[in-house]
Amino acid sequence: MATLIQFRDGVAGIKLQIDKQAFRIGRSGDNDISIDDELVSKHHAVIEAAQDPEREGAFVYYLQDLGSTNHTFVNGNRISLYKLAHDDVIVIGMNNFRFVDDAHDDLEETTKIHKSWIPGLYYAKGKGRNKGKPKKKRGK
């Protein structure tokens with residue numbers, strides 16, 4: 001299952017589960033997400049879930065603009081139909097949403113937080129990280 005997280009100024013707000021095949025977004029009250037914003041069309045966009053042909057039991061998600069007046073944007077680009085990926089930023093009117101695909105979670109890639117010997121200081125070790133060690137400086 002996937003989630004949309006509304007955020008403002010980098011701070012996460014409302015979390016909305018995408019729990020149906022077609023998830024409608026717009027200003028009208030009959031949408032799954034109703035946004036009170038004059039820049040949002042009555043029926044602005046839809047997120048559709050489809051079975052992923054490459055991974056059994058997984059889904060892919062498509063965002064489609066429904067001919068809205070002020071358009072739909074993903075990662076700063078205007079879209080009409082777009083295959084969403086984990087951490088994409090969707091802009092509808094004055095509203096920002098982060099798309100979080102729960103299928104992206106992989107226990108092997110989970111970052112672990114470790115306590116350092118310095119009180120109150122923590123660091124991350126994990127796949128693709130520097131394993132918590134500072135980079136060596138090239139000497140002269």
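The values are calculated or read from the model by the stated rules, or taken from the named source; none is laboratory data. As the structure is a prediction and not an experimental result, all values here were calculated from the model. Ideal geometry is used to build each Cβ from the backbone, glycine not excepted, and the neighbour counts take in all protein chains shown. Ligands, DNA and RNA are stripped out before the accessible areas are found, and what is left, the full protein with its side chains, is counted by its heavy atoms. Shrake-Rupley method; radii C 1.70, N 1.55, O 1.52, S 1.80 Å.
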**Asked** Taking Gly13, is it open to solvent by less than 70 Å² (accessible area, probe 1.4 Å) and on the phi < 0 side of the Ramachandran plot?
**Response** yes
**Request:** Please go through the stretch 28-39 and pick out each residue that is of a type outside the set (A, V, I, L, M, F, W, C) and part of a loop (DSSP other than H, G, I, E, B).
**Result:** Ser28, Gly29, Asp30, Asn31, Asp32, Asp36, Asp37, Glu38
**Asked** Could you count how many residues in the stretch 77-122 are of a type in the set (Phe, Trp, Tyr), modelled with pLDDT of 95 or more and surrounded by fewer than 16 Cβ atoms within 10 Å (Cβ to Cβ)?
**Response** 0
**Request:** Name every residue in the stretch 45-75 that is loosely packed, with under 12 Cβ neighbours inside 10 Å, at pLDDT below 95 and assigned to a loop (DSSP other than H, G, I, E, B), in order of residue number.
**Result:** Pro53, Glu54, Arg55, Glu56, Gly57
**Request:** State which residue is farthest from Thr3 (Cα to Cα) when the search covers only the stretch 16-39 and only residues that are of a type in the set (Lys, Arg) and modelled with pLDDT of 95 or more.
**Result:** Arg27
**Request:** Exactly one condition in (1) surrounded by fewer than 20 Cβ atoms within 10 Å (Cβ to Cβ); (2) assigned to a strand (DSSP E or B); (3) at pLDDT 95 or above is not met by Lys42; state its number.
**Result:** (2)
